[in-house]
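First the structure, in the form of structure tokens, and then the observations on it.
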Amino acid sequence: MAFQKRIKVLIPTLRERKRYIAVKLISEEKLIPSDVEDAIKKTLQNFYGDFVYSTFSLKIAKNLLYQGKNIIILKCNHLSVNRVVLGIAMLDRIGDVRVIPKVISVSGTIKNLRRKIKNA
């Protein structure tokens, strides 16, 4: 019989607290979602370096580019929110398309962030 180990779940005090950042990308042309993700990652890595970028725990939580809203939701840890927002402000081009990023809101849950997006 094969003995399988279960992966232990971290207790809540050891987990990273996360924040969700809603960013609206204003552009004249349609944006390709894969290009947007690559541009954000490259911009943050170039600005902060690989070591600091790795401490952000940055992920693309939700991509609303398919729905024509040009809104992307980023997920990062609570200590790096200010750095991520500053790095997003450095974004000026995605491929050959010029963009203006505008941070709509920051929240601890996606549910509250969606409410803020609807009201904005």
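Only one of the numbered conditions (1) within 28 Å of LYS118 (Cβ to Cβ); (2) of a type in the set (Val, Ile, Thr); (3) surrounded by 12 or more Cβ atoms within 10 Å (Cβ to Cβ) is violated by VAL52, and that is (1). Taken as a whole, region 5-22 holds at least one residue that is assigned to a strand (DSSP E or B), surrounded by 16 or more Cβ atoms within 10 Å (Cβ to Cβ), in contact (Cβ under 8 Å) with a residue 60 or more places away in the chain and hydrophobic (A, V, I, L, M, F, W, C). Close Cβ contacts (under 6 Å, 6 or more residues apart or on different chains) running from residues in region 36-61 that are under 24 Å from ARG98 (Cα atoms) and without any contact (Cβ under 8 Å) to a residue 24 or more places away in the chain to residues that are surrounded by 12 or more Cβ atoms within 10 Å (Cβ to Cβ) and aromatic (Phe, Trp, Tyr) comprise GLN45/TYR53. Return yes or no: is LEU91 over 16 Å from LYS18 (Cβ atoms) and either touching a helix residue (DSSP H, G or I) at 6+ places or on another chain (Cβ under 8 Å) or surrounded by 15 or more Cβ atoms within 10 Å (Cβ to Cβ) (or both)? Yes, satisfied. Among the residues making up region 23-55, those that are closer than 16 Å to GLY95 by Cα and in a strand (DSSP E or B) are LEU25, ILE26, SER27.
Read the figures in this text as sums done on the coordinates, not as results from a lab. Everything quoted here is computed from the prediction, not taken from an experiment. Positions of Cβ are backbone-derived with ideal geometry, glycine not excepted, and every protein chain shown enters the neighbour counts.
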